[in-house]
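Trainee: Handing you a structure now.
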Amino acid sequence: MPNQPTLTIFPTTLALSGRVSPPGSKSITNRALLLAGLANGTSRLTGALKSDDTRVMSEALRLMGVQVDEPDDSTFIVTSNGRWVAPGQPLFLGNAGTATRFLTAALAMCEGEFTVDGDDYMRKRPIGPLVEALTRLGVEVSAPTGCPPVSIKGKGPLPGGRVEIDGGLSSQYVSALLMMAACAKAPTEVALTGADIGARGYIDLTLAAMKAFGASVEQSGEAAWRVAAGGYTAADFHIEPDASAATYLWAAEALTGGAIDLGVAAADFTQPDAAAKAMIDLFPNMPAVIDGSQMQDAIPTLAVLAAYNNSPVRFVGLANLRVKECDRVSALSHGLNAMVPGLAEEQGDDLLVHADPSLAGRTVNALVDTHSDHRIAMCFALAGLKTAGISVLDPDCVGKTYPGYWKALESLGVRVQRNG
């Protein structure tokens, strides 16, 4: 891996303390941008995340005739008539899963031909279940590889009715259909084909955002929701800080015995990943088994923390992590084993981390391949707080969701060094 930029994290003897404000939630920001773009009028989104993922969403909206202004570093002002125009070029969405899945469904309600595409990583991320569900609704849509690019020939608002979706691989498919459904001509019922769903708490985020923009939706069964027709109305909407970002700061606090003020209590987050705080609070005696199915983006944080636990930790419910920005189960295993061979092992979709508290204070020679995945870069920075010799490749990939991450660590007294 020659000539790639790296960043080295230097261990600290400090108990990391201070005030760090995490950026706004990526998940909520991209939901709010989409809904504001579908609404008629001007919406003001405050506390928003400005990052690679939200940039590609806002740029896609602009290409389709939505006015998106950015008066400061945490506000979007979105003005729309609720009707998008075909941009005459593919919508390039990088590796933003939320933007890709949400827009694919929303474009089915528009008139014209659209192509949704992404980078090489996005072109490996499945979208088949969503495409199949849209096809059953009568949408002319195709994704020959089962991943982006996706081609959509929109004919305007759909007639409504009932659609079933397999949400086992990603809750984003379900959220995409729910948000689209409010723009149909008649009520639409979105139902899961099974009870399993990846990170169900994200459905709650979707429903809350939809209601804030005027949609009427109610649960019609254990795994089904009925969405009234009527579209969305512009709203002023405040976005809470990102719980996934908060996990790195909570873990840094736990590893160093510090006290980092995030400006928001863990109990005040509505995002699923905030559940990781309860596990972090148990360190260095985290439980022997941790189920990651409902707090998927927090698992990289917990896995690195587990390396310093007093006893091994098995992470289960990780199948969905294999189809994130990279195969995170494999990336975590390889990164941990780069520190100490045998520190982690994949067992099916489980990740077993063989805890080694003696890692703290030791020196290793570990260059961690992040696979350009922001969460892999950010979680292995935590290991560098306690163990010397840890560097991460492509440190700027954190810009996907937390552009200020390295500066945040430095503000707490952590020394980092860029190379290349």
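Read the figures in this text as sums done on the coordinates, not as results from a lab. Every value quoted in this text rests on a predicted model; they were computed, and no experiment measured them. With ideal geometry, Cβ positions are generated from the backbone for all residues, glycine too; neighbour counts draw on all protein chains shown.
Trainee: Based on the inverse mean of 1/r over its pairs of different Cα atoms, what is the Kirkwood hydrodynamic radius of the chain, in Å?
Mentor: Hydrodynamic radius (Kirkwood, Cα pairs) of the chain is 21.8 Å.
Trainee: Let me ask something else about it. For 308, 121, 173, what's the fewest-to-most ordering of other Cβ within 10 Å of each Cβ?
Mentor: In increasing order of surrounding Cβ atoms, one gets 121, 308, 173.
Trainee: What whole number of Å gives the distance from the Cα centroid of the stretch 166-243 to the Cα centroid of the stretch 97-121?
Mentor: When both Cα centres are located, 17 Å separates them.
Trainee: Give me D for the stretch 129-180 in µm² s⁻¹, whole number, from Stokes-Einstein with Rh from the Kirkwood sum over alpha-carbon pairs, 10 °C and 1.306 mPa s.
Mentor: My calculation gives 137 µm²/s for D.
Trainee: Oh, and also: Tell me which trypsin sites (Lys or Arg not before Pro) from the stretch 349-404 have a DSSP coil assignment and no more than 15 other beta carbons within 10 Å of their own.
Mentor: 362
Trainee: Residues of the stretch 86-126 with the amide nitrogen closer than 17 Å to a label point 7 Å from the Cα of residue 193, along Cα-to-Cβ, please.
Mentor: From the stretch 86-126, the list is 126.
Trainee: For the pair residue 40 and residue 238, how long in nm is the line joining their label points, each one 7 Å along Cα→Cβ?
Mentor: Placing both labels 7 Å beyond Cα along the Cβ direction yields 2.9 nm.
Trainee: May I pose another question? Once the stretch 217-274 is represented by equal point scatterers at the alpha-carbon sites, with solvent omitted, what log10 I(q)/I(0) does the Debye formula produce at q = 0.29 Å⁻¹?
Mentor: One equal scatterer on each Cα of the stretch 217-274 leads to -1.14.
Trainee: Given only helices, namely DSSP H runs of n ≥ 4 each adding -39500 (n - 2.57), what is the per-residue ellipticity at 222 nm of the chain, to the nearest 500 deg cm²/dmol?
Mentor: Value at 222 nm, helices only, nearest 500: -9000 deg cm²/dmol.
Trainee: Between residue 334 and residue 218, 0.36 nm times their residue separation minus their Cα-Cα distance comes to what?
Mentor: Here the answer is 37.4 nm.
Trainee: Taking the simple approach of a point 7 Å from Cα along Cα-to-Cβ for both residue 136 and residue 278, what is their distance in nm?
Mentor: 3.3 nm
Trainee: Using Cβ counts within 10 Å as a stand-in for footprinting exposure, how do 66, 392 rank, fewest first?
Mentor: Result, fewest neighbours first: 66, 392.
Trainee: Rounded to two decimals, what is the ratio between the C-alpha radius of gyration of the stretch 26-238 and 2.2 N^0.38 Å?
Mentor: Against the compact-globule rule of thumb, the ratio is 0.91.
Trainee: How large is log10 I(q)/I(0) at q = 0.23 Å⁻¹ when the Debye formula is applied to the Cα atoms of the stretch 315-420, each weighted equally and without solvent?
Mentor: After summing over all Cα pairs, the log10 values are -1.33.
Trainee: Additional query: Using 0.36 nm times the number of residues separating residue 162 and residue 73, minus their current alpha carbon distance, what extension gain do you get?
Mentor: Gain in length upon complete extension: 28.0 nm.
Trainee: Same structure again: Taking only the alpha carbons of the stretch 101-202, what extent do you get along each of the three principal axes, in Å, biggest first?
Mentor: The Cα atoms of the stretch 101-202 stretch 38, 35, 19 Å along their principal axes.
Trainee: Return the loop-located trypsin sites (Lys or Arg not before Pro) in the stretch 149-193 (DSSP other than H, G, I, E, B) with at most 13 other Cβ atoms within 10 Å of their own Cβ; answer none if there are none.
Mentor: Passing sites in the stretch 149-193 are 185.
Trainee: Same structure again: Mind checking the dipole of the stretch 26-238: about its Cα centre, +1 per Lys or Arg Cβ, -1 per Asp or Glu Cβ, Debye to the nearest 20?
Mentor: 300 debye
Trainee: List, in the order given, every pair from 124/324; 124/155; 155/324; 50/386; 124/153; 26/277 whose Cα-Cα distance in the structure shown is over 21 Å.
Mentor: In this structure, 124/155; 155/324; 50/386; 124/153 exceed 21 Å between Cα atoms.
Trainee: Taking R0 as 30 Å, what FRET efficiency do you get between residue 3 and residue 410 from their Cβ-Cβ distance, rounded to the nearest 0.05?
Mentor: Plugging the Cβ-Cβ distance into 1/(1 + (r/R0)^6) gives 0.75.
Trainee: Here is a follow-up. Can you give me the Cα centroid spacing of the stretch 348-420 and the stretch 25-51 in angstrom?
Mentor: 30 Å
Trainee: Applying 1/(1 + (r/R0)^6) with R0 = 22 Å to the Cβ-Cβ distance of residue 314 and residue 364, what FRET efficiency is obtained, to the nearest 0.05?
Mentor: The pair residue 314/residue 364 has a calculated efficiency of 0.40.
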